[in-house]
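Asks: Have a look at this one before I ask anything.
The values are calculated or read from the model by the stated rules, or taken from the named source; none is laboratory data. Just so it is clear, the structure is predicted and the values come from calculations on it, not from any experiment. When we count neighbours, we look across all protein chains shown, and the Cβ atoms used for this are built from the backbone with ideal geometry, even at glycine.
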Amino acid sequence: MPEKDLGKEMYDFMHELYPICRSITGNGVRQTLKIIKSHIPIEISEVSSGTKVFDWTIPKEWDVSSAYIKNSKGEKIVDFKNSNLHLLNYSIPVKKKVSLAELRTHLHSLPDQPDVIPYLTSYYKEDWGFCITHRKYLELKEDTYEVFIDSKLSSGSMTYGELYIKGKTAEEVLFSCYVCHPSLCNDNLSGVVLLVFLAKSLLKKKNLKYSYRFIFIPETIGAIAWLSINEKNVGKIKHGLVATCVGDPGCSTYKKTRQANAIIDQAVVKVLIDSGKPYKILDFFPSGSDERQFCSPGFNLPIGSLMRTPYGNFPEYHTSADDLNFVKPDALMDSLSKYLQTVYILENNLKYVNRNPKCEPQLGKRGLYNLIGGSKRSKISQTAMLWVLNFSDGSNSLLDISVRSNIDFPSIKDAADDLYKSGLLKVSSSN
Amino acid sequence: MPEKDLGKEMYDFMHELYPICRSITGNGVRQTLKIIKSHIPIEISEVSSGTKVFDWTIPKEWDVSSAYIKNSKGEKIVDFKNSNLHLLNYSIPVKKKVSLAELRTHLHSLPDQPDVIPYLTSYYKEDWGFCITHRKYLELKEDTYEVFIDSKLSSGSMTYGELYIKGKTAEEVLFSCYVCHPSLCNDNLSGVVLLVFLAKSLLKKKNLKYSYRFIFIPETIGAIAWLSINEKNVGKIKHGLVATCVGDPGCSTYKKTRQANAIIDQAVVKVLIDSGKPYKILDFFPSGSDERQFCSPGFNLPIGSLMRTPYGNFPEYHTSADDLNFVKPDALMDSLSKYLQTVYILENNLKYVNRNPKCEPQLGKRGLYNLIGGSKRSKISQTAMLWVLNFSDGSNSLLDISVRSNIDFPSIKDAADDLYKSGLLKVSSSN
Amino acid sequence: MPEKDLGKEMYDFMHELYPICRSITGNGVRQTLKIIKSHIPIEISEVSSGTKVFDWTIPKEWDVSSAYIKNSKGEKIVDFKNSNLHLLNYSIPVKKKVSLAELRTHLHSLPDQPDVIPYLTSYYKEDWGFCITHRKYLELKEDTYEVFIDSKLSSGSMTYGELYIKGKTAEEVLFSCYVCHPSLCNDNLSGVVLLVFLAKSLLKKKNLKYSYRFIFIPETIGAIAWLSINEKNVGKIKHGLVATCVGDPGCSTYKKTRQANAIIDQAVVKVLIDSGKPYKILDFFPSGSDERQFCSPGFNLPIGSLMRTPYGNFPEYHTSADDLNFVKPDALMDSLSKYLQTVYILENNLKYVNRNPKCEPQLGKRGLYNLIGGSKRSKISQTAMLWVLNFSDGSNSLLDISVRSNIDFPSIKDAADDLYKSGLLKVSSSN
């Protein structure tokens, strides 16, 4: 499929997921996972409210039917139907009349961004509230308002989805995204969409070296629960990425793992360098998304995050402006392409040993060198062969060689294939 | 006390010490130490002339009553009473009449700085001389001059002062300055004044972790003598600084220890970064002040030097222009503040272990996290807690964490205190 | 001899070697080595065609008497006598009439550089051809051409030269250059000339610490053959340089060894820094000249290449424009000087131990310190002594100290000599 069409297809899928009111629990997540399951064969799991997961407890399940504020004329001046961001996420049920003064203690707006609705939550403190534009906030007059929130907060469960693609080894690559935000696009529907399309692509591949695990979880509590449930198996995870904020028009940004120089760090950085486009590299920091949990000191997993503009660094973040206009099909496609290139490196990153290590082998007699008059091999291909031969001493992987030579990884991989076929390389026992 | 007044108090103390004619031995040093003792309870020691200290020998004691040059009209054209810099320090007694030609072989001036008197010494070669402005030098006419130096160079002793403040452990922090320069302010009365006020401040503190040692010594020979006398105990010195040139208006400059990455190096550099003001960092070099001796290869102590403009890098250096106008109360105060902040880091630089290392602990239920509507904790404080939790794995100290996070040390320390009180941290056994 | 005259002498020697038609085998190499032998006592060796050397085989020997293209009027339009570059090196014998179309399949020219003759070879594929300016190529008209190449390609041998200068130890410094290019100056006669004059200079020295080996070999096949023949002895090679492109007016360029931080790397970089002139440092890369073989992973010798403008980076490279005008006597001399300074460092790079490691020794009493009124020692010399004393703890060589202090190596060496004579240093057992 042409890249342009694939970007459009990703965007359309995000469009489908956009209206659903998600939270860390409840039917919004279930509905989202059901739609995902129509694309890729995830397994859906439930974790009961009250379950202990490390230092945390799975909270009550929350669902909402409707919510509004009416003025004394009976006009709905704020209505959940218009935007699910209007309701403070996890608001308890309310039905009462309040003065403007009392109402204001439950209203949230952004004076610096008067035209957008903020996104706020109160998962762990029972509260209720509405989020509105600051312009609307300033228009409110003295009046008696009717506040109505038809929500349910009660024992239930937290839901998450998981896909496992079995490869030749039990060693895993983990991709994680969160499915708990309501109508917000870059943060985080873009991550959901990217992982669904990445999974689709990997499901088509045969002979994958690694096994791949995709998890679609509520942020923080979902990651903690998943780690708690799967604690015995996390040792299998050799590489991983958290997918979030991958659809905005900004340049790619990679937040390194806590280990700082894991293979996933080297691979993603190489993909970004080879892209020829601007990019940023950030050292690990302990705030952010679920890499906070994966990289907590008791796990310290080799999991980074390949984003575009990081959470909190774009003004649309956690507001109604993070909508379908903010995310671009081209950006989604470019991010997917970089995830695929990273997988390509991980899959093909072998160490070889030069079987002819004393002086160069004679490439010409093997048809690997351009003789006078012939030029079937490109200059980069010949240079790549010299790099692979010289540095394949068992200590350097193809990724190491591509980094050191500043030659793109696929060219190094192709050179290694040709040399291997000619019998000049063997696979190192140190892989 | 307000900082402004403390800077003024330091300056006034320097004013009091300024007129005394000091040298590496003699009553000038004794008088200086006596004044210091009126502020802090130093012990004063004498080392006899002729005592062997490593490769050196304590020289004869030198004292001077008066010195002048008279012209044939009986006019004193150069007089020690006007500036003790006029006399070549350690000049032997002289009383004789000389021609201009002979006199000139004993005169020292600076053609490039014609209005200042240079400061010169001849400790280890018996000689006599006068230091004058080059303007004066050029004015001298053919005449018969009477030269008179009423000095005494004979067996006596070298004097130094020492203050020991006992802390909870025998591990020491050493602060050193020199008391051998006559009327010169930045080099080195500024260092003397700073250490006296630093000592005053530490004497008021209870429960110091480290013991603190302050030494007031003649430069070079004093440091060598002190190391020779205390050779068996230098292993207790865990950190240290040489205080010199701390009063000029230039930016702070830190000269690293020979070890290059000692804790004192990390601590001072962090203080300078956190200051938000310009600063310079210099790698260790083997010329300079008494760090030359402390960092000689047989000792290699973790002792650096926190200065402002380094010795030799300001034109007033070793001239009469290094006077009370050159040193500023604000600069003295700023330097003292940086020494105090360094001590604060050393005292509080513990390693902790996160007791809940698998995923983040739930800060909200412990009142450590801002829930909706509340904001008792600042953003930096919350970020600091995440850094401390994530990196407290027993290998990182609070200083390491503050450096890595680029958060100021006090905020990291406060975060650690709160986490410790909540039971989320324990003190590492690797401290 | 004044440097200017020596540069001229080197240039004149290059002039003498320039007209000879060299290749990887044949009489051109023999004639070149014979002229070299008139300057320095090299041994000349022959390796028979068909000899196996690692993955390669010594090819047939090639010699050429004459070669030309005549048009139908009998005019020689291209003649080997005018430039030995006109003939594709290793062309097989040919005598036939050809159409313009057929002729063109055997002609080589450079459309981008229409006025120069390219240099091309076909060592390992039997072929024939002529190299001409593109201007000439475009002038050729439909005609019947007579092509005549009186060459001989038959079993013989490959010739190379070698000089061994015995020093106090069997540890060797290897200098290598190639003698296989016809009339090309910077690449590579400049390297031949430089090594001959370097050898002349070392032959005059007594008490060399290292033994020195100079090899004059055909590029690639010569290096491979030499390594194959001398495989058992390469462990003696402790340092080395490949000399090529050392005569053009560009700045000096050093290509590091594959080891990247060998002593030869440190020494050459220090020479370049101390030169005060522009220079470039390149990390090792596996294309280039014979460092490709010396630094193949099975040998990984500490051999770099000190050039001026690297092969391939100047437009004259491998064309008739790399002639006697392109190379300058001053540049040859400057390169020779840098090779000699490198040898000076290698010869004098000892580790010492300060015999008075606790505090500084008293330099004044040993006449090593400027007392008042005296100034026989320069400031740099005194600073150098402090550096040598402080860092001579057995772990730092004089080269390490000169790098760290940013003082030129000869000053550090002189300071060490003075300190050694004064009994303040002893030679470290870790040399």
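Asks: Please go through the stretch A:398-431 and give me each residue that is within 16 Å of A:Gln266 (Cα to Cα), among the polar types (S, T, N, Q) and more than 28 Å from the chain's Cα centre (by Cα), ordered by number.
Replies: A:Ser405, the sole residue that qualifies.
Asks: Among the residues of the stretch A:9-27, which ones are of a type in the set (Ser, Thr, Tyr) and surrounded by 19 or more Cβ atoms within 10 Å (Cβ to Cβ)?
Replies: A:Tyr11, A:Ser23, A:Thr25
Asks: Report, ordered by the first and then the second residue, all pairs with beta carbons closer than 7 Å, sequence separation of six or more or different chains, a first member in the stretch A:403-422 that is away from chain C (no Cβ under 12 Å), and a second member that is assigned to a helix (DSSP H, G or I) and modelled with pLDDT under 95.
Replies: That search, which allows pairs on different chains as well, returns A:Ser411/A:Ile380; A:Ser411/A:Ser381; A:Asp414/A:Ser381.
Asks: Could you look through the stretch B:284-299, keep only residues that are at the interface with another protein chain (Cβ under 8 Å from one of its Cβ atoms) and assigned to a loop (DSSP other than H, G, I, E, B), and pick out the one that is modelled with the lowest pLDDT?
Replies: B:Ser287
Asks: For the stretch C:76-101: of the residues being more than 14 Å from chain A (Cβ to nearest Cβ) and of a type in the set (S, T, N, Q), which is surrounded by the most Cβ atoms within 10 Å (Cβ to Cβ)?
Replies: C:Asn84
Asks: I'm trying to understand the selection: among the residues of the stretch B:124-174, which are within 14 Å of chain C (Cβ to nearest Cβ) and in contact with a Gly (Cβ under 9 Å, 6 or more places away or on another chain)?
Replies: B:Tyr124, B:Lys125, B:Asp127, B:Gly129
Asks: Which is in contact (Cβ under 8 Å) with a residue 24 or more places away in the chain and farther than 30 Å from A:Asp187 by Cα, of A:Ser381, A:Ser337?
Replies: Exactly one of A:Ser381, A:Ser337 is in contact (Cβ under 8 Å) with a residue 24 or more places away in the chain and farther than 30 Å from A:Asp187 by Cα, namely A:Ser381.
Asks: A further question follows. Does any residue of the stretch A:262-278 turn out to be assigned by TED's automatic domain parsing to the domain that holds A:Asp187, of a type outside the set (Gly, Ala, Ser) and closer than 19 Å to B:Glu360 by Cβ?
Replies: No: zero hits.
Asks: Residues that are in contact with a Leu (Cβ under 8 Å, 6 or more places away or on another chain): find the helices (runs of 4 or more DSSP H) completely inside the stretch C:320-431 holding 3 or more of those.
Replies: Working: elements: C:329-348, C:379-391, C:398-405, C:409-421.
Ranges flagged: C:329-348, C:379-391, C:409-421.
Asks: Kindly indicate whether C:Ser335 is assigned by TED's automatic domain parsing to the domain that holds C:Gly276 and of a type in the set (Gly, Ala, Ser).
Replies: Taking the combined requirement at face value, the residue satisfies it.
Asks: Scan the stretch A:326-356 residue by residue and report those that are of a type in the set (Asp, Glu), more than 14 Å from the chain's Cα centre (by Cα) and more than 18 Å from A:Asn396 (Cα to Cα).
Replies: Once the filter is applied, which keeps residues that are of a type in the set (Asp, Glu), more than 14 Å from the chain's Cα centre (by Cα) and more than 18 Å from A:Asn396 (Cα to Cα), the stretch A:326-356 yields only A:Asp330.
Asks: If you go through the stretch B:28-52 one residue at a time, how many are surrounded by fewer than 20 Cβ atoms within 10 Å (Cβ to Cβ) and aliphatic (A, V, I, L, M)?
Replies: 3
Asks: Among C:Ser183, C:Ser190, which is in a loop (DSSP other than H, G, I, E, B), touching a helix residue (DSSP H, G or I) at 6+ places or on another chain (Cβ under 9 Å), among the polar types (S, T, N, Q) and modelled with pLDDT of 95 or more?
Replies: On inspection, the qualifying residue turns out to be C:Ser183.
Asks: Looking at the stretch A:405-421, which of its residues are surrounded by fewer than 16 Cβ atoms within 10 Å (Cβ to Cβ) and closer than 19 Å to A:Pro357 by Cα?
Replies: The answer is A:Asp417, A:Lys421.
Okay, residues lined up against (1) over 30 Å from the mean Cα position of the chain (by Cα); (2) among the basic types (Lys, Arg); (3) more than 30 Å from C:Lys8 (Cα to Cα):
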site	(1), (2), (3)
C:Tyr90	no, no, yes
C:Val94	yes, no, yes
C:Arg104	yes, yes, yes
C:Leu107	yes, no, yes
C:Glu126	no, no, yes
C:Arg135	yes, yes, yes
C:Thr144	yes, no, yes
C:Val196	no, no, no
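Asks: How do the pairs read when you match residues in the stretch C:245-260 that are farther than 16 Å from C:Tyr339 by Cα with residues anywhere that are part of a loop (DSSP other than H, G, I, E, B) and charged (D, E, K, R), using Cβ under 9 Å and keeping only pairs 6 or more apart or on different chains?
Replies: Every condition considered, the pairs that remain are C:Pro249/C:Arg308; C:Pro249/C:Lys328; C:Gly250/C:Arg308; C:Ala260/C:Asp283.
Asks: If a residue has to be touching a strand residue (DSSP E or B) at 6+ places or on another chain (Cβ under 6 Å) and part of a loop (DSSP other than H, G, I, E, B) to count, how many in the stretch B:18-48 make the cut?
Replies: 5
Asks: Just for the stretch C:58-75: of the residues that are surrounded by 15 or more Cβ atoms within 10 Å (Cβ to Cβ) and not in a loop (DSSP other than H, G, I, E, B), which one is nearest to the other protein chains (Cβ to nearest Cβ)?
Replies: C:Trp62
Asks: Condition check: assigned by TED's automatic domain parsing to the domain that holds B:Ile263 and in a strand (DSSP E or B). Does B:Leu198 satisfy that?
Replies: no
Asks: Taking the stretch C:103-123 as the region of interest, how many residues are within 14 Å of another protein chain (Cβ to nearest Cβ) and out of contact with any helix residue (DSSP H, G or I) (no Cβ under 7 Å at 6 or more places or on another chain)?
Replies: Of the residues in that region, 9 qualify.
Asks: Being over 17 Å from the mean Cα position of the chain (by Cα), surrounded by fewer than 18 Cβ atoms within 10 Å (Cβ to Cβ) and closer than 20 Å to C:Leu399 by Cα is the filter here; which residues of the stretch C:267-300 pass it?
Replies: Within the stretch C:267-300, C:Ile273, C:Ser275, C:Gly276, C:Lys277 meet the criteria.
Asks: Within the stretch C:319-376, which residues are hydroxyl-bearing (Ser, Thr, Tyr) and modelled with pLDDT under 95? I'd like the intermediate steps shown before the answer.
Replies: Filtering the stretch C:319-376 down to residues hydroxyl-bearing (Ser, Thr, Tyr) leaves C:319-320, C:335, C:337, C:339, C:342, C:344, C:352, C:369, C:375.
Those that are hydroxyl-bearing (Ser, Thr, Tyr) and modelled with pLDDT under 95: C:Tyr369, C:Ser375.
Asks: Which number in (1) surrounded by fewer than 24 Cβ atoms within 10 Å (Cβ to Cβ); (2) touching an Asp or Glu at 6+ places or on another chain (Cβ under 6 Å) marks the one condition that C:Thr159 misses?
Replies: (1)
Asks: Suppose we keep only residues that are more than 14 Å from chain B (Cβ to nearest Cβ) and of a type in the set (Val, Ile, Thr) within the stretch C:311-365. Which one would you say is surrounded by the most Cβ atoms within 10 Å (Cβ to Cβ)?
Replies: Taking the stretch C:311-365 as the starting set, the residues that turn out to be more than 14 Å from chain B (Cβ to nearest Cβ) are C:311-350.
Those still in the list that are of a type in the set (Val, Ile, Thr) too: C:319, C:327, C:342-343, C:345.
Details: C:Thr319: 21, C:Val327: 28, C:Thr342: 25, C:Val343: 23, C:Ile345: 25.
It comes out as C:Val327.
Asks: Also: Which is under 17 Å from A:Tyr178 (Cα atoms) and out of contact with any helix residue (DSSP H, G or I) (no Cβ under 6 Å at 6 or more places or on another chain), of A:Ile77, A:Ile35?
Replies: Answer to the check: A:Ile35.
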